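Report on one structure; see the data block that follows.
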């Protein structure tokens, strides 16, 4: 079932096109990640799909409802903004309670749900702490709890794991997976941690406000020409192995000391490589090297050499 469907969704600000011809389909029960450098259009895309920004052109359907009527389903959507919207003069507990009331929940239900969420985000000992006294990581955890208080089937999370430690980030992702796989919820999120994006079911690569490519992370990796490699340790046999691999299989190979690095695309049958190796030695070591998500992003958003993406790559490294 399609939870989100957009067609040529475009948003311009005073002539600047922040989002252009944005075509997106998000299926029920999946985690969809929007990936891109600062200014790529990730937050604009989310805010437009939420109806917080009026599109300049294009159409969208959210939870089966046209974007112009999104108020009819807004109570079924959770939103965690990048710029946290918490009342700093209230405690963490009071903020979650406030959002529960905004969504029309009964006080008894909010109380129970708040206790569950505080435990989830590991803030059960800090519920009575004022937001203004919280660290950035604690505020982000509290914001996530607020977005989940009414148990919505659709979640928009803008940079949900920024500012939290690696262990808690892992806990967040475990919970995201439980929400989708066990409860059938749908999550659309943004992240600048490229390694983290591999945990999404589908990722969309944004550049200059346009969706450059989308797909499952592994599928995108498999498409990169010579993106995968088999690194074989075979002392004194590297040169002959490289020559035969190139002559018989047509694969690009290079020497790296005692290693032959043999590159290939997609699901090439590596047993064909090993057959050549085993002609010359039965004692060898090997390592399968996969493309990184940095390489995936660069490949699908670059155009034969220079691109703004190269200058922005540092924004993606943890």
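List of remarks:
- FRET efficiency for residue 16 and residue 71, using Cβ-Cβ distance with R0 set to 35 Å, rounded to 0.05: 0.80
- Order of 71, 119 under a 10 Å beta carbon neighbour criterion, fewest first: 71, 119
- Peptides 206-214, 253-261 ranked from most to least packed by the mean count of surrounding Cβ atoms within 10 Å: 206-214, 253-261.
- Pairwise FRET efficiency - residue 275 versus residue 59, Cβ, R0 = 45 Å, nearest 0.05: 0.25
- Pairwise label distance in nanometres, residue 90 with residue 122, each label 7 Å out on the Cα-Cβ vector: 2.5 nm
- Segment residue 38-residue 107, length gained on full extension (0.36 nm per residue, minus Cα span): 20.9 nm
- Panel note: the C-alpha atoms of region 225-289, placed on their principal axes, show extents of 29, 20, 17 Å (largest first).
- Extension gain, residue 165 back to residue 82 (0.36 nm per residue minus Cα-Cα distance, nm): 28.2 nm
- By other beta-carbon atoms within 10 Å, ranking 171, 135 with the fewest at the front produces 135, 171.
- Helix-only [θ]222 nm of the chain, DSSP H runs n ≥ 4, -39500 (n - 2.57) each, per residue, nearest 500: -9500 deg cm²/dmol
- Cα-based convex hull, the chain, per residue volume (Å³, whole number): 171 Å³
- Ordered by the number of other Cβ atoms lying within 10 Å of each residue's own Cβ, fewest first, 80, 1, 237 fall into the sequence 1, 237, 80.
- Using the Cβ-Cβ distance between residue 178 and residue 8 with R0 set to 30 Å, the FRET efficiency from 1/(1 + (r/R0)^6) comes to roughly 0.30.
- When the alpha-carbon atoms of region 129-225 are used, the pair Rg, Dmax equals 15.1, 53 angstrom.
Values quoted throughout were computed directly from the atomic coordinates according to the rules given, and no laboratory measurement underlies them. Remember, predicted model here, so these are calculated numbers, not experimental data. Note that each Cβ is placed from the backbone with ideal geometry, even for glycine, and that neighbours are counted across all protein chains shown.
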